[in-house]
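A.B. asks: Take a look at the following structure, please.
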Amino acid sequence: TAEDGANAWLRYAPLPQANNNHSIPLSIVALGNSKSSPVYTAGQELQKGIKGIFGKKLSTNGTKDTSSSIVVGTIDAYKKAYGDFDEADELEEDGFFLSTEGRDVLILGQNQRGALYGTFAYLSRLAQNKLSPISYVSNPHAPIRWVNEWDNLDGSIERGYAGPSIFFRDGFVVDNVTRVAEYARLLASIRVNGIVINNVNANATLLNARNIEGLGRLADAMRPFGVQLGISLRFDSPQTFGGLNSYDPLDLKVDAWWANITNQIYKRVPDMAGYLVKANSEGQPGPLTYNRTLADGANMFAKAVKAHGGIVMFRAFVYDNHINPGNWTADRANAAVDFFQHLDGKFDDNVVVQIKYGPIDFQVREPPSPLFSTLRKTSTAIELQVTQEYLGQQSHLVYLAPLWKEIFEYDLRVDDRPSKVKDIISSARFNRPLGGSAAVVNVGTNMTWLGNHLAMSNLYAYGMMAWDPAVLPEDVLQDWIRLTFGFDRQVMNVITEMSMKSWPAYENYSGNLGIQTLTDILYTHFGPNPASQDNNGWGQWTRADSTSIGMDRTVKNGTGNAGQYPPAIAKTYENIESTPDNLLLWFHHVPYTQLLKSGKTVIQHFYDAHYEGAATAQSFVMLWQSLKGKIDSERYEHINFRQMYQAGHALVWRDAINEFYHNLSGIPDQAKRVRNH
Ligand code: GCU
């Protein structure tokens, strides 16, 4: 139902009859009474959840001494009320202790937010029928676990696929913040603690008085869930909006202007998380306009928010979108390291450089950005996309956790030591104070949030992996399936199978061997258009001609990009023999007849993979339809429609790509499926 959509994985559906007599405490003791506090929210949520799952209404004003209770609060509040308690000694910021072993259920957070996270963890166990007693401490992998929303003030959303904005309308913050609070609830349940609500390509009128007041209302709506508000800024605002004659970061007038506007915002939003800045990229203004460095630009904002405890997420997605395709050694993939390497150590300590997971742009397969291995004296965060910009825009099922997992676990071998990406973005490898992850989500007013019920597994998995990258994508998925669709075995098996096959299938029918997604890169980023990749300034090139294909990123003969990685990795990618097939065309320019490790030629692999991927997408329809009657008809039909669409569009992809390369290369398909046009 629509309500199921809005509640997503927080439906609290009744447990199957047999477990309904599970004994639960009789009251809730929430050690915090201010209505906007996360601990108060936790009490309300416990009441709601237990009512839904067990059909029992617990009182929220119990005292621990009279009956068995669920006690929720911060560890400090607990100690104050009940004396010493050392079982939760290892709690770190935002962490929680959960115990269901004693007479009382204890949910204790290092802070209020942690207490709320523990509450959601407890309710998730109940809702999944995981009723055996447990006791554990859970701490976050990294402090920054944010989402980004690319919402424009007019209510449209850049790369959003679920209707207009829940935050803005007609140039201003919306009046009704109900959906905003509902979204914050979902985010809190997956332990996301910050949200940047407007587009990276920001509009300076966000800073007018009415909108600052609006930001205050948004922050008020999200504060009870421990979700802190952040905003994106346009670098030239002092000039275009403030009326100064410059936006030079080293101009004192400009500094003072930012300090002043920042103070105004913090007056209304005292706990604002900070700023996100995209500068000097894709035609955006920035410090380079004044021959200042990107660090000068980032630090200007860092100084403005410092006194308020805010941070600056400075995007590493800086590149020139007018590079010359005629130049064999030009490479957009080199841009991040080229722009940032020499700035390592020059950023203020409340700046975090936010790095897209790959060197290009959210493609179906990329190696990790080499910048992760380059910045050692700078806090970094990884940028992921839940919105499926290049990956089917929520009309295709593509479960992304396996892709993220590969990146998180990738060992960059900095100084020949273990250097997994997940340990670089936390303090583990370089001992940096800040760091973590940000995912571009782009929810909209559509009741499904993302435009597709099944796409919500990606949002769920993002939060859980940002908290703990060690979790397995399939486990996270199955928790989400139980919470979203209940306990039917076949439902579990079918959605697991479809989801786990979905990323490989999409890779197969979109772009293989590291050639990128082969979608239309000029406008829509949707549907096949391999011809659009080359001969333009955007640098998402494939270098395909009639005999050969791929980007030569070697040091010896190409763009040198392989050499941006630490030596052990560079060596692997420098040579065709040691480059894995799935990144062959990312790093090498080869004839279509080049033999892969599988023994196939590149071109035959293209043909076969496209048939295979499209066939897998066809199979999703039958799989889904086997669930008819096991899922409410509203969600069943909604997903059925999308699976049929995906099946059809996968055929379009298959034939468009195969025929394009068949025409270009003139090499026949050994299985004689592909024809000329
Ligand atoms: C992609 C996307 C743009 C976006 C940019 C960014 O290129 O297509 O819409 O502005 O990424 O991340 O800044």
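Taken together, the values in this text are just the output of simple stated rules run on the coordinates, not laboratory data. What you are looking at is a predicted structure, and each value in this text was computed from that prediction instead of being measured. In this analysis, Cβ positions are derived from the backbone assuming ideal geometry, glycine residues included, and neighbour counts consider all displayed protein chains.
A.B. asks: Angle, helix 602-625 long axis vs. longest principal axis of the chain, Cα atoms, 0 to 90°, nearest 10?
C.D. replies: 30 degrees
A.B. asks: Let me know the whole percent of all Cα-Cα pairs from the range 2-138 that are separated by more than 24 Å. Show your work: numbers first, answer last.
C.D. replies: Details: 2204 of 9316 pairs.
The proportion of pairs with Cα distances above 24 Å equals 24 percent.
A.B. asks: Projecting each Cα onto the charge dipole of the chain (Lys/Arg +1, Asp/Glu -1 at the beta carbon, about the Cα centre), which of PHE97, ALA304, LEU131 comes out farthest on the positive side?
C.D. replies: LEU131
A.B. asks: Hey, another quick one. Which loop chymotrypsin sites (Phe, Trp or Tyr not before Pro) in the range 400-494, with loop taken from DSSP, have no more than 15 other Cβ atoms within 10 angstrom of their Cβ? Could the numbers behind the result be given before it?
C.D. replies: Values: sites: TRP404, PHE408, TYR410, PHE430, TRP449, TYR460, TYR462, TRP467, TRP480, PHE485, PHE487; in loops: TYR410, PHE430, TRP449, PHE487.
The qualifying sites are PHE487.
A.B. asks: Let me ask another. List the residues of the range 430-452 whose backbone N lies under 12 Å from a point placed 7 Å from the Cα of ARG376 along the Cα-to-Cβ direction.
C.D. replies: Those under the cut-off are 430-431.
A.B. asks: If you don't mind, there's one more thing I want to ask. What is the distance in Å between the Cα centroid of the range 607-677 and that of the range 193-254?
C.D. replies: Rounded to whole Å, the Cα centres lie 43 Å apart.
A.B. asks: Please report the relative contact order for the range 1-119, taking Cα pairs under 8 Å with a sequence separation of at least 6, and give it as a percent rounded to a whole number.
C.D. replies: Working: 214 pairs, mean separation 30.1, N = 119.
Relative CO of the range 1-119 lands at 25 percent.
A.B. asks: Sticking with this one: What are the residues whose amide H is under 5 Å from the amide H of ILE157, where those residues sit 5 or more places off or on another chain and H is modelled from the backbone?
C.D. replies: ASN152
A.B. asks: Over the chain, what is the relative contact order in whole percent, taking alpha-carbon pairs under 8 Å and six or more residues apart?
C.D. replies: Averaging sequence separation for qualifying contacts and normalising by length gives 12 percent for the chain.
A.B. asks: Arrange ILE549, ILE407 by Cβ neighbour counts within 10 Å, fewest through most, would you? List each step's numbers first, then the result.
C.D. replies: Working: ILE549 26, ILE407 20.
In order of increasing Cβ crowding within 10 Å: ILE407, ILE549.
A.B. asks: Sort all Cα-Cα distances of the range 440-553 into consecutive 5 angstrom bins from zero, then give the percent of pairs in each bin up to the one containing the longest distance.
C.D. replies: 2, 10, 15, 15, 16, 14, 12, 9, 5, 2, 0
A.B. asks: Find out how many positive minus negative residues lie around PHE97, taking Lys and Arg as positive, Asp and Glu as negative, among other residues whose Cβ is under 10 Å from that of PHE97.
C.D. replies: -3
A.B. asks: Oh, and also: Setting aside same-chain residues fewer than 8 positions from LYS377, which aspartates and glutamates have a Cα under 20 Å from its Cα?
C.D. replies: ASP296, ASP338, ASP344, ASP348, ASP349, ASP411, ASP415, ASP416, ASP423
A.B. asks: Count neighbours as other Cβ atoms within 10 Å of each site's Cβ, and list the GluC sites (Glu not before Pro) in the range 1-97 that are DSSP loop with at most 16 such neighbours. Can you show the working numbers first?
C.D. replies: Working: sites: GLU3, GLU45, GLU87, GLU90, GLU92, GLU93; in loops: GLU87, GLU90, GLU92, GLU93.
Those that pass, being in a loop and sparsely packed, are GLU87, GLU90, GLU92, GLU93.
A.B. asks: Could you pull the Rg and Dmax for the range 144-475, using just the Cα atoms, both in Å?
C.D. replies: 18.8, 55
A.B. asks: Amide H to amide H under 5 Å from VAL29: which residues, 5+ apart in sequence or cross-chain, H placed 1.01 Å off N in plane?
C.D. replies: ILE70, VAL71, VAL72
A.B. asks: Could I ask something else about it? Classify the chain as rounded, prolate or oblate, taking a ≥ b ≥ c as the square roots of the eigenvalues of its Cα gyration tensor: rounded when a/c is under 1.5, otherwise prolate if a/b is larger than b/c and oblate if not.
C.D. replies: Working: a/c = 1.81, a/b = 1.26, b/c = 1.43.
Since a/c reaches 1.5 but b/c is at least a/b, the shape of the chain is classed as oblate.
A.B. asks: Now for a different question. Could you list the trypsin sites (Lys or Arg not before Pro) in the range 129-159 that lie in coil according to DSSP, counting only those with at most 15 other Cβ atoms within 10 Å of their Cβ? Intermediate results must be reported in sequence, preceding the final value.
C.D. replies: Working: sites: LYS130, ARG145, ARG159; in loops: LYS130, ARG159.
Sparse-neighbourhood loop trypsin sites (Lys or Arg not before Pro): LYS130.
A.B. asks: Something else about it: Simple spin-label model, 7 Å along Cα-to-Cβ: GLU93 to GLN264 in nm?
C.D. replies: Placing both labels 7 Å beyond Cα along the Cβ direction yields 2.9 nm.
A.B. asks: What's the center-to-center distance, using Cα atoms, between the range 358-385 and the range 57-124 in Å?
C.D. replies: Cα centroid of the range 358-385 versus Cα centroid of the range 57-124: 37 Å apart.
A.B. asks: Another question about this same structure. Calculated from DSSP H runs of 4 or more alone, at -39500 (n - 2.57) each and per residue, what is the 222 nm mean residue ellipticity of the chain, nearest 500?
C.D. replies: Values: 20 runs with 246 residues, N = 677.
Result for the chain: -11500 deg cm²/dmol, rounded to the nearest 500.
A.B. asks: Using Cα atoms only, what is the angle between the long axis of helix 209-222 and the major principal axis of the chain, expressed in degrees (0 to 90) to the nearest 10?
C.D. replies: 70 degrees
A.B. asks: Any chance you could give the angle, 0 to 90 degrees and rounded to 10, that helix 112-127 forms with the longest Cα principal axis of the chain?
C.D. replies: 80 degrees
A.B. asks: Pop out the ³J(HN,Hα) list for the range 322-332 in order, Karplus 6.51 cos²θ - 1.76 cosθ + 1.60 with θ = phi - 60°, rounded to Hz; leave Gly and Pro as x.
C.D. replies: For the range 322-332, the Karplus curve yields 10, 7, 8, x, x, 8, 4, 9, 6, 7, 4 Hz.
A.B. asks: Considering amide H positions built from the backbone, and no H for Pro or chain starts, which residues 5 or more places from ALA279, or on another chain, come under 5 Å of its amide H?
C.D. replies: Amide H neighbours of ALA279: ARG315.
A.B. asks: At ASP415 and ASN129, where each label point lies 7 Å from the Cα along Cα→Cβ, what is the point-to-point distance in nanometres?
C.D. replies: Computed distance between label sites ASP415 and ASN129 equals 5.1 nm.
A.B. asks: Then there's this: Nearest 0.05, what FRET efficiency do ASP76 and GLU101 give at R0 = 30 Å with Cβ-Cβ as r? Write out the running numbers ahead of the final one.
C.D. replies: On the way: r = 22 Å, r/R0 = 0.73.
FRET efficiency, ASP76 to GLU101: 0.85.
A.B. asks: Using Cα centres only, tell me the gap between the range 289-355 and the range 470-507 in whole Å.
C.D. replies: 38 Å
A.B. asks: From the residues TYR357, MET313, LEU371, which one has its Cα farthest along the dipole of the range 144-475 in the positive direction, the dipole being from +1 and -1 charges on Cβ of Lys/Arg and Asp/Glu about the Cα centre?
C.D. replies: My answer, from the dipole projection, is MET313.
A.B. asks: Same structure again: With both partners inside the range 2-138, how many of the DSSP beta bridges are antiparallel, as a percent to the nearest 5?
C.D. replies: Bridges in the range 2-138 that DSSP calls antiparallel: roughly 45 percent.
A.B. asks: How high is the relative contact order of the range 144-475, given as a whole-number percent (alpha carbon pairs under 8 Å, six or more residues apart)? Please report the intermediate quantities before stating the final value.
C.D. replies: Working: 680 pairs, mean separation 63.7, N = 332.
About 19 percent, as a whole number.
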